[in-house]
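Peer 1: Quick one: the structure is below, questions incoming.
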Amino acid sequence: MDKSPLLSIRDLEVRFRTEEGEVTPVRGVTLSVGAGETVALVGESGSGKSVTSLATMGLLPRPAGRVSGGQILFRKRSGETVDLATLPSSDLRKLRGSEIAMIFQEPMTSLNPVLTVGEQIAESVRLHMSLGHAAALKRAEEMLELVEIPNARRRVHEYPHQMSGGMRQRVMIALAMSCNPSLLIADEPTTALDVTIQAQILVLIERLQKELGMGVLFITHNLGVVAEIADRVTVMYAGQVVETGTVGAIFRTPRHPYTSALLNCLPARAQRGEDGRRVVQSIPGSIGPVGDGCAFAPRCSQAADVCRTGSIMLEAEMERSVRCVRWREAFA
Amino acid sequence: MDRSPILLFFRRMFRRKLVLVAFVVLFVIMLMALLAPWVAPYEPTAIKVIRRLKPPGELNWLGTDEFGRDVFSRIIYGARASLGIGFAVVVVSMTVGTLFGLLAGYFRSLDGVVMRVVDALMALPDILLAIFLVAVLGASAFNVVLALSIVYTPRVVRVVRASTLVIRELPFVEAARALGVSTRRILSVHILLNVASPVLVQATFIFAYAVLAEAGLSFLGAGVPPELPTWGTMIASGQQYADDAFWVVLFPGLAIVLAALSLQIVGDGLRDMLDPKLRKAL
Amino acid sequence: MSASPLLAVEGLTKHFGRAPHLVRAVEDVSFHIAPGEVLGLVGESGSGKSTIGRLVLRLIESTAGTIRFEGQDISKLPERQLKFLRRNAQMVFQDPYASLNPRLRVRDIIGEAIDAHRLASGAKRTERIGELLETVGLPASHMSRFPHEFSGGQRQRIGVARALAVEPKLIVADEPVSALDVSVQAQVINLMQDLRQRFGLAMLFISHDLDVVELMCDRIAVLYLGRVMEIGSSEEISQRPRHPYTRALLAASPKADPDAPKIRRMLTGDIPSPMAPPSGCVFRTRCPMATDECARSVPKLRSAGDGHKFACHYDTANDERPAAA
């Protein structure tokens, strides 16, 4: 990539005020998404991946949450680069509807139940293009065709509740595409869907991404989905990026012990034990409170004394980066 | 992390200052009612004709009524009756309402019958139904409690039934059934423990309504006999002197407002705290 | 196949509601589970897999069919005669949060199972609860805690301990690891595998995740709109699927391997509503090989040898394997 990336998050830190005091669910996220590229942000619950995506979209719940450090740089179509973390909310809102689009896990809550899907898409279209009502509705119909909804002419007049989960997610995608965005942020868009429907949506997102040349930030916990859709992968653990690399590198030669252990937890990678039974590896414990040193150390089979002190930096090298002081020894 | 659920409860509860104030006000009123003989400066029935209808002053902080009785002392003793009646209504309507609500929510065969009776009772305006019942039963403190309990029980039935309908479908109830746990235990442990929160919220509201309704009934002459000092009977007997001696009705009126308002605010506070959706938004 | 199955289900049918809103949740489903055997039920939403689990445990009433547990038909027995079923068949639930009563301590959650069958009391009871917690990998000292003090994976362990308290022969596990993170999911899978071996448990393992089912189960039944499409050994189903739906399902589940072929062939359209299932073969509306015959008659399960059966009018043995399977 010779040009600056479309989206570049640097050392992002997010704090939340809670009853028990302030917490820092994101405390060191660096990642980039180039134009026409799909980057998967992977992590388990508590990893901070969703908070990262909310921060990027400027949708942190206020006033409890705020970006307390780092930058979220976005390159606009005009060539100008802006920091989404400090942009006034009115400018951010304008950007969100036009150059940055989002889709979520549960389309039902993101769609207005009292408007037909056509009206909702038309409304969004008219916000960004000067089109009349009829023309906007026509455009909505085209958008539904773009996302392969059968009988678009008829379904443009349907309400969200008349549609299945898969169809609603398609409508959400149509809505997101209606403003021709350069960046799509997809937060677990297929998690609530059945596997045969998930396959349809994944193929659809991939197709649209190629046709429209969008950058896609795809947040998911599903490693199968990552392998299916991503060009590059960013793995998060306990609020930090622990590893970044191309999808092939991450899956074939993971460098961080967490990435490696996570992949071995997959049932499909179960190994036959001595008694002939197939057993999956597991990682003991669960994401715990963050202390000194590497956050994964308490669960890591490779942890040594050096892992338990100081702060561990993200080491970058070519297209890869890893936050582990022992990765060379651990995978020697 | 604070492990004590009770401490956490109060910390959440009093995050809003108004709730704390209301709670303190209620606490003081109740304490005074309980300790009336020691707190009240005079006997509530001590008649002193020469000091009738005296304005608030040093001797009688809130003035005296038409028989020269101390208004402040009567308010304190009146709190005993007013709050006592309210509390009794809460206890009776909670007990009966929870029982029927559980049964209606858990056994679909009983649901129809119970809920039609509830609907019928709730179709009538509260105070009219109460007046009618007291008229039929006769005016006494006991009958006022009975009448108001009949009026407010349906609300409890509704709340408990609605919660029961949700909880009975939850996996932990299914788990209990799969274990062969008796229906009685499922109702009394699994469901009852989990409807306790909404019922508690409802209880504070009913307490407030009952205090107001008792006053209303007494004022209309359909409540407790006038000999018994309650905030309602004080206003009722004082109203004809109100033009010359506003304090005879103002202070009992304020007592009613203060008690009912505090109860409602505490109820709101409880509801906000117990509703996880609202809690998140805070 | 054992001579006397632990559980034998014949023609099981469940309809919810009544016309015109009749939901055909389960339609003429038959299977059996031998002692110590794990049968997987796989399917997408509307497949009726969770309903079957609840029917088997008599948590809901069947519309038709028989359910034999150790030879005795339990499908019509009144609740008071079900004590032996409650003692021998238990359930583990999907949602680690809603499956434990938030107001009870762990001691009482597990103790309830012991009390219901008067298995122990007093100090023995406490001892037994501690033992059960240790069996599922939790310290006995945690028994006085409330559910909210545990993580999702730990709660799921408590749910397993509760099910084990009555020393059952059969466990119906309804998506027991679906709500868990991958790393925790692996812990619970391994725990269930261990327990299965230690106690010789039979299981009805319900899941939408083919990888998990393949790992956990001896045999797999694939369900679609309340009907069995295919049933057979795990290996047969995953390596030599015969039903077009099974193939599509295998092809659609993304593989955690960037070198695996991408999803290219896939099912079009939506899963029909169980309120209006298609005539004939319920899968025909999405089946790439459907013909007029499929609309006319319901295909019967037929044998592909070795207890492997599939419900399709066409012999699919010689077809090319789906690209990503």
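The values are calculated or read from the model by the stated rules, or taken from the named source; none is laboratory data. Note that the structure is a prediction, hence the values are computed from the model and not measured. Heads up, the Cβs are rebuilt from the backbone with ideal geometry, glycines too, and the neighbour counts pull from every protein chain shown. Heavy atoms of the whole protein, side chains included, go into the accessibility calculation; ligands, DNA and RNA do not. Shrake-Rupley method; radii C 1.70, N 1.55, O 1.52, S 1.80 Å.
Peer 1: Looking at region B:35-56, is at least one residue part of a helix (DSSP H, G or I) and either touching a Pro at 6+ places or on another chain (Cβ under 6 Å) or of a type in the set (S, T, N, Q) (or both)?
Peer 2: no
Peer 1: Restricting region A:210-226 to residues that are more than 8 Å from every other protein chain (Cβ to nearest Cβ) and open to solvent by less than 10 Å² (accessible area, probe 1.4 Å), which is nearest to C:P272 (Cα to Cα)?
Peer 2: That would be A:T220.
Peer 1: Okay, next question. Restricting to region B:207-236, count the residues that are outside any helix (DSSP H, G or I) and charged (D, E, K, R).
Peer 2: Summing the residues that are outside any helix (DSSP H, G or I) and charged (D, E, K, R) in region B:207-236 gives 1.
Peer 1: Which of the residues belonging to region A:252-261 are open to solvent by 10 Å² or more (accessible area, probe 1.4 Å) and either within 11 Å of chain C (Cβ to nearest Cβ) or small (G, A, S) (or both)?
Peer 2: The answer is A:R252, A:S260, A:A261.
Peer 1: Here is a further query. Consider C:F205 carefully, then state whether it is modelled with pLDDT under 95, at negative phi and among the aromatic types (F, W, Y).
Peer 2: It is false that C:F205 is modelled with pLDDT under 95, at negative phi and among the aromatic types (F, W, Y).
Peer 1: Where the second residue is assigned to a loop (DSSP other than H, G, I, E, B) and charged (D, E, K, R) and the first is under 22 Å from C:F199 (Cβ atoms) and open to solvent by 40 Å² or more (accessible area, probe 1.4 Å) and lies in region C:21-38, which pairs have Cβ atoms under 8 Å and are six or more apart or on separate chains?
Peer 2: Here the result reads C:P35/C:K169, each pair linking region C:21-38 to a residue that is assigned to a loop (DSSP other than H, G, I, E, B) and charged (D, E, K, R).
Peer 1: Yes or no: A:T109 within 14 Å of the chain's Cα centre (by Cα), within 18 Å of A:I185 (Cα to Cα), away from chain C (no Cβ under 14 Å) and among the polar types (S, T, N, Q)?
Peer 2: In short, no.
Peer 1: Same structure, new question: Taking strands (runs of 3 or more DSSP E) that fall entirely within region A:28-122, which contain at least 3 residues that are within 30 Å of A:V290 (Cα to Cα)?
Peer 2: A:38-42, A:65-75
Peer 1: Looking at region A:170-199, which of its residues are among the polar types (S, T, N, Q), open to solvent by less than 10 Å² (accessible area, probe 1.4 Å) and modelled with pLDDT of 90 or more?
Peer 2: Across region A:170-199, the qualifying residues are A:T190, A:T196.
Peer 1: Another question, if that's okay. Determine whether region A:283-291 contains at least one residue that is surrounded by fewer than 15 Cβ atoms within 10 Å (Cβ to Cβ), at the interface with chain C (Cβ under 8 Å from one of its Cβ atoms) and under 27 Å from the mean Cα position of the chain (by Cα).
Peer 2: Looking through region A:283-291, at least one residue is surrounded by fewer than 15 Cβ atoms within 10 Å (Cβ to Cβ), at the interface with chain C (Cβ under 8 Å from one of its Cβ atoms) and under 27 Å from the mean Cα position of the chain (by Cα).
Peer 1: Further question: Among the numbered criteria (1) within 14 Å of chain A (Cβ to nearest Cβ); (2) aliphatic (A, V, I, L, M); (3) part of a helix (DSSP H, G or I); (4) open to solvent by 30 Å² or more (accessible area, probe 1.4 Å), which one does C:A123 miss?
Peer 2: (1)
Peer 1: Still on this structure, I have one more. Of the residues in region A:292-324, how many are open to solvent by 70 Å² or more (accessible area, probe 1.4 Å) and either in a loop (DSSP other than H, G, I, E, B) or within 14 Å of chain C (Cβ to nearest Cβ) (or both)?
Peer 2: Qualifying residue count for the region: 8.
Peer 1: Where residues in region B:170-188 are over 15 Å from C:G111 (Cβ atoms) and within 7 Å of chain C (Cβ to nearest Cβ), which of them is least open to solvent (accessible area, probe 1.4 Å)?
Peer 2: The extreme case among them is B:A178.
Peer 1: Suppose we keep only residues that are at the interface with another protein chain (Cβ under 10 Å from one of its Cβ atoms) and among the β-branched types (V, I, T) within region B:189-209. Which one would you say is nearest to B:G101 (Cα to Cα)?
Peer 2: Out of the qualifying residues, it is B:I191.
Peer 1: Separate question: Those residues that are acidic (D, E) and surrounded by fewer than 23 Cβ atoms within 10 Å (Cβ to Cβ), I need them from region A:227-249; list them, please.
Peer 2: A:D231, the sole residue that qualifies.
Peer 1: Please go through region A:191-209 and give me each residue that is assigned to a loop (DSSP other than H, G, I, E, B), more than 7 Å from every other protein chain (Cβ to nearest Cβ) and not hydroxyl-bearing (S, T, Y), ordered by number.
Peer 2: A:A192, A:L193
Peer 1: From the list B:R116, B:R108, which residue is among the basic types (K, R), surrounded by fewer than 16 Cβ atoms within 10 Å (Cβ to Cβ) and at pLDDT 90 or above?
Peer 2: B:R116
Peer 1: For region A:1-27, give me each residue that is within 14 Å of chain B (Cβ to nearest Cβ) and either in a strand (DSSP E or B) or of a type in the set (F, W, Y) (or both).
Peer 2: The answer is A:F16, A:R17, A:T18, A:G21, A:V23.
Peer 1: Right, next: Here is a check on your reading of the model: is B:R3 assigned to a loop (DSSP other than H, G, I, E, B), at pLDDT below 80, exposed (fewer than 15 other Cβ atoms within 10 Å of the Cβ) and not hydrophobic (A, V, I, L, M, F, W, C)?
Peer 2: Spelling it out, B:R3 is indeed assigned to a loop (DSSP other than H, G, I, E, B), at pLDDT below 80, exposed (fewer than 15 other Cβ atoms within 10 Å of the Cβ) and not hydrophobic (A, V, I, L, M, F, W, C).
Peer 1: Further, regarding this structure: Can you spot a residue in region B:162-169 that is out of contact with any helix residue (DSSP H, G or I) (no Cβ under 6 Å at 6 or more places or on another chain), surrounded by fewer than 24 Cβ atoms within 10 Å (Cβ to Cβ) and assigned to a helix (DSSP H, G or I)?
Peer 2: For region B:162-169, residues out of contact with any helix residue (DSSP H, G or I) (no Cβ under 6 Å at 6 or more places or on another chain), surrounded by fewer than 24 Cβ atoms within 10 Å (Cβ to Cβ) and assigned to a helix (DSSP H, G or I): present.
Peer 1: Being farther than 29 Å from B:L274 by Cα and touching a Lys or Arg at 6+ places or on another chain (Cβ under 8 Å) is true for just one of B:A40, B:A36. Which residue is that?
Peer 2: B:A36
Peer 1: Looking at region C:138-153, which of the residues that are within 14 Å of chain A (Cβ to nearest Cβ) and modelled with pLDDT of 95 or more is nearest to C:Q187 (Cα to Cα)?
Peer 2: C:L138
Peer 1: From the list C:V184, C:V172, which one is closer than 23 Å to C:E214 by Cα, touching a helix residue (DSSP H, G or I) at 6+ places or on another chain (Cβ under 7 Å) and within 14 Å of chain A (Cβ to nearest Cβ)?
Peer 2: Criteria check complete, one pass: C:V184.
Peer 1: Please go through (1) at pLDDT below 95; (2) surrounded by fewer than 17 Cβ atoms within 10 Å (Cβ to Cβ); (3) in contact with a His (Cβ under 9 Å, 6 or more places away or on another chain) for C:Q81 and return the number of the only condition it doesn't satisfy.
Peer 2: Failed condition: (3).
Peer 1: Within region C:83-117, how many residues are facing chain B (nearest Cβ under 7 Å) and assigned to a strand (DSSP E or B)?
Peer 2: Going through region C:83-117 one residue at a time, the tally reaches 2.
Peer 1: Under 8 Å between Cβ atoms, at least 6 apart or on separate chains: pull out the pairs that start in region A:79-104 with a residue that is in contact (Cβ under 8 Å) with a residue 60 or more places away in the chain and end on any residue that is acidic (D, E).
Peer 2: A:M102/A:D187; A:I103/A:D187; A:F104/A:D187; A:F104/A:E188
Peer 1: Related question: Just to be sure I understand, how many residues within region A:266-282 are among the small types (G, A, S), more than 8 Å from chain C (Cβ to nearest Cβ) and either surrounded by 10 or more Cβ atoms within 10 Å (Cβ to Cβ) or part of a helix (DSSP H, G or I) (or both)?
Peer 2: Selection size over region A:266-282: 1.
Conditions (1) polar (S, T, N, Q); (2) part of a helix (DSSP H, G or I); (3) under 22 Å from A:L193 (Cβ atoms); (4) within 12 Å of chain A (Cβ to nearest Cβ), marked per residue:
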{"site": "C:D211", "(1), (2), (3), (4)": "no, yes, yes, yes"}
{"site": "C:E214", "(1), (2), (3), (4)": "no, yes, yes, yes"}
{"site": "C:A221", "(1), (2), (3), (4)": "no, no, no, no"}
{"site": "C:V228", "(1), (2), (3), (4)": "no, no, no, no"}
{"site": "C:E235", "(1), (2), (3), (4)": "no, yes, no, yes"}
{"site": "C:Y245", "(1), (2), (3), (4)": "no, yes, yes, yes"}
{"site": "C:L249", "(1), (2), (3), (4)": "no, yes, yes, yes"}
